[in-house]
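Here's the structure, in structure tokens; my notes come after.
The values are calculated or read from the model by the stated rules, or taken from the named source; none is laboratory data. In this text, all values refer to a predicted model and were calculated from it rather than measured experimentally. Positions of Cβ are backbone-derived with ideal geometry, glycine not excepted, and every protein chain shown enters the neighbour counts. Ligands, DNA and RNA are excluded from the accessible area calculation, which covers all protein heavy atoms including side chains. Shrake-Rupley method; radii C 1.70, N 1.55, O 1.52, S 1.80 Å.
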Amino acid sequence: MSEIICSVFYTIFLTIIYNLFVGIFEERRRMKKVLWWGLQVVFAIFSHLSSYLLQDEVFLRIGLAWVEFALTYCVLYQVKFLKSLLYAFLSYSIIGVVEYLLILIIQSGFHMTAAEVTESSTGSTLLGILCLMVVFCIILVMKKTFAKKKGAMLTEAEWIRFSMFPCFSIISTIAMVINFNRIEDSQQGLVLIGMVCGLFLMNILLFGLLNDAIKREGELAEYRLIQERAKNETEMYRSISDNYDRQRKAAHEFKNHMACITALAEREEYDELRKYLDEMHVGMEKEADQIDTGHTLINAILNSKYQEAKQKGILFVIKVNNLSSVRMEEQDIVILLSNLLNNAFEACAKCDMKVVKLKFVREEKQIILSVFNYYAFEPVRQGERYLTSKEEPELHGIGIENIKDVVDKYNGTYAIRCEEGQFQFSILLPILQEKG
């Protein structure tokens, strides 16, 4: 009876380890959780039975186990059979190497032979679960290394704090392994195995809770990114719409001006006509767009921001050339310019040096977009992220993250310089993003 219980525990934990390993690299298929776990149970039972029936045929048992693994995770994950077979080989290899190393450590460090550990079901089960605990820790390291997007919400310090519990569990299990031979009866052995299984289960549950929290935080961050993008795009398109309405109004006024000019010319009131034309010229200079890059959307954005800078008392220095051939999606242009300039204007509003410099030019085989501004308060950095001084803490750094996403989308590069009260965000985009 005890052997069956030990075997069931080991099979459950082994299945969990396999799922964690494959989950580092592949996405689950979309199916109901009941069906997903039901298939796991079916495959686990079949694997357990086949291992029991072929326990004397070592190589055949291992080969069949690999094929079962590959078929299982082809069904449960979005992965091809050969790739799943490779995962089977890797996971079995990791478990085998870890178990071999643990036996060597126990032999050399605690003067016990492999036979002494594995001759009883209690000893072999404890060693097996200890091995899976170590593999679990290896998977955590692999997840942090390879699945950066999923684990990006945890800092190094948080990962270290979380890893303390698995390390404590491993040390405790090692102590139990080297003292299992002092057990007087099978009941005590089951209690010992139950304690070790409980430790392992708590590690898995803690990891599950942490993983769900990270996933939920990632979804919230993505939702905030979408909200911020939508907000910036709405504001910018509203500015463009206002600019269009202003042009329509100017066109209507122009007709009235032409009627007045015609009337003065017909009455030959040339002095009044000259005076009226001078006034009209001054008014048109005030209303005319100051910036022309040859690109309608870029013109609308920059002229809108130019007017905003004048209203806020910011000296807005702009260097542009012919950008008519820029080939980017309109929403991406809005994201880049609106976020860069909004951040710069916000920083300038809090310092004495109200100067913002923009360079947006095509030079040889690349597009250069650079925004420079002064700031009064040192930006807070968290890893590679800069946190803004906005009142809403959930919006911290979202503008810059939006910019980085667009730069990555177009295979560009960026650099951030922040020192001595000066902030500069520079972007290089390849010429391939332009029309020839």
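A few comments on the model shown:
- Leading residue by the ranking (farthest from Phe21 (Cα to Cα)) among those in segment 86-100 that are free of Cβ contacts under 8 Å to residues at least 12 places away in the same chain and open to solvent by 70 Å² or more (accessible area, probe 1.4 Å): Tyr100
- Residue match in segment 366-380 (condition: at pLDDT below 85 and outside any loop (DSSP other than H, G, I, E, B)): yes
- Restricting Glu384, Glu434, Glu346, Glu363 to residues that are farther than 24 Å from Ala309 by Cβ and modelled with pLDDT of 75 or more narrows the list to Glu363.
- Filter result for Gly63 (over 26 Å from the mean Cα position of the chain (by Cα), open to solvent by less than 50 Å² (accessible area, probe 1.4 Å), of a type in the set (Gly, Ala, Ser) and closer than 17 Å to Ser91 by Cα): yes
- Matching residues, segment 397-422, being at pLDDT 90 or above and closer than 17 Å to Cys351 by Cβ: none
- Extreme residue, nearest to the chain's Cα centre (by Cα), among residues of segment 66-84 that are among the aliphatic types (A, V, I, L, M) and within 22 Å of Met31 (Cα to Cα): Val79
- Scanning segment 335-376 for residues that are surrounded by fewer than 19 Cβ atoms within 10 Å (Cβ to Cβ) and aliphatic (A, V, I, L, M) yields a total of 6.
- Of the criteria (1) surrounded by 14 or more Cβ atoms within 10 Å (Cβ to Cβ); (2) farther than 25 Å from Leu201 by Cβ, which one Phe81 fails: (1)
So that you can scan it fast, the table gives a plain yes or no per residue for (1) modelled with pLDDT of 85 or more; (2) among the charged types (D, E, K, R); (3) part of a helix (DSSP H, G or I); (4) closer than 17 Å to Tyr10 by Cβ:
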residue	(1), (2), (3), (4)
Leu104	no, no, yes, no
Thr122	no, no, yes, yes
Leu126	no, no, yes, yes
Phe136	yes, no, yes, yes
Val141	no, no, yes, no
Ser172	no, no, yes, no
Val177	no, no, yes, yes
Asn181	no, no, yes, no
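- Test: residue in segment 314-324 that is in contact with a Phe, Trp or Tyr (Cβ under 6 Å, 6 or more places away or on another chain), within 19 Å of Leu429 (Cα to Cα), at pLDDT 85 or above and part of a strand (DSSP E or B): yes
- Taking helices (runs of 4 or more DSSP H) as the structural unit, those lying wholly within segment 2-85 and holding at least 1 residues that are touching a residue at least 24 places away in the same chain (Cβ under 8 Å) and of a type in the set (Val, Ile, Thr) correspond to 2-25, 58-76.
- Inside segment 413-424, residues that are touching a residue at least 24 places away in the same chain (Cβ under 8 Å) and either at negative phi or touching a Leu at 6+ places or on another chain (Cβ under 6 Å) (or both) make up a count of 5.
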